[in-house]
Amino acid sequence: MTDGGSFCMGRLFLLTSLVLTLFFTSPAFPQDQHRDPDRIVGKWITEKKNLIVEVYKQDHKYKAKIVWFDDTDDLNRPAEMRRDDQNPDPALRKRKILGLEILKLLAFNKESNSWENGVIYDALTGKEWSSYAFITNKGLLRVKGYWRFKIFSKSVDFLPVK
């Protein structure tokens, strides 16, 4: 004689296990994709649509360079002519802004699902900051620059360029 309650609980457990297995292994919920460190590789544009950077991987680290920026603030100085004139190193002040590496040394951290220990360069001030980045729930690339403590940070959000 079988206990009807145990039979129902067993079926409920089996059904729940099956649903959870399907949920977490279904292509509609690609868990591995969210942990793919290369998902930041590509071109990204700021929400203000005034800067495009290209993120790329080199020697297991991630970097970004400027590939376009809005130069309408000074029509006498088109983007191709602008230089890194705020750099504290006089030898680097002749570098072009277009193509300038502004983010380096980012390493993917699987546990936090973010890219950490980077350095970001602000060409407007000539200063470097510690940085980290992550993809938001809305699919934006959020890059944060900070000095000493992450709590005191500034962030820039980027949309993927399609």
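Rule-based calculations on the coordinates, nothing more; no lab input. Because the structure is a prediction, the values reported are computed rather than measured. Positions of Cβ are generated from backbone atoms using ideal geometry, with glycine treated the same way; all protein chains shown enter the neighbour counts.
At-a-glance table
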{"item": "3J(HN,Hα) from dihedral phi, segment 58-65, Karplus parametrisation 6.51/-1.76/1.60, rounded to Hz, x for glycine, proline", "result": "8, 6, 6, 10, 10, 9, 9, 10"}
{"item": "Sites LYS127 and LEU51 - FRET efficiency at Förster radius 22 Å, r taken between beta-carbons, to 0.05", "result": "0.80"}
{"item": "Under Karplus coefficients 6.51, -1.76 and 1.60, residue-wise ³J(HN,Hα) of segment 94-106 in Hz, glycine/proline x", "result": "8, 5, 6, 5, 5, x, 5, 6, 10, 9, 8, 6, 5"}
{"item": "DSSP-loop trypsin sites (Lys or Arg not before Pro) across segment 57-157, with at most 13 other Cβ within 10 angstrom", "result": "ARG93, LYS94, LYS110, LYS138, ARG148, LYS150"}
{"item": "Sorted by Cβ neighbour density within 10 Å, fewest at the top, the residues VAL53, VAL156", "result": "VAL156, VAL53"}
{"item": "Candidate lysines for bridging to LYS57, where Cα separation is under 20 Å - those fewer than 8 sequence places away on the same chain excluded", "result": "LYS43, LYS65, LYS104, LYS110, LYS144, LYS162"}
{"item": "Segment 89-162: GluC sites (Glu not before Pro) falling in loop per DSSP and having at most 16 other Cβ within 10 Å", "result": "GLU111"}
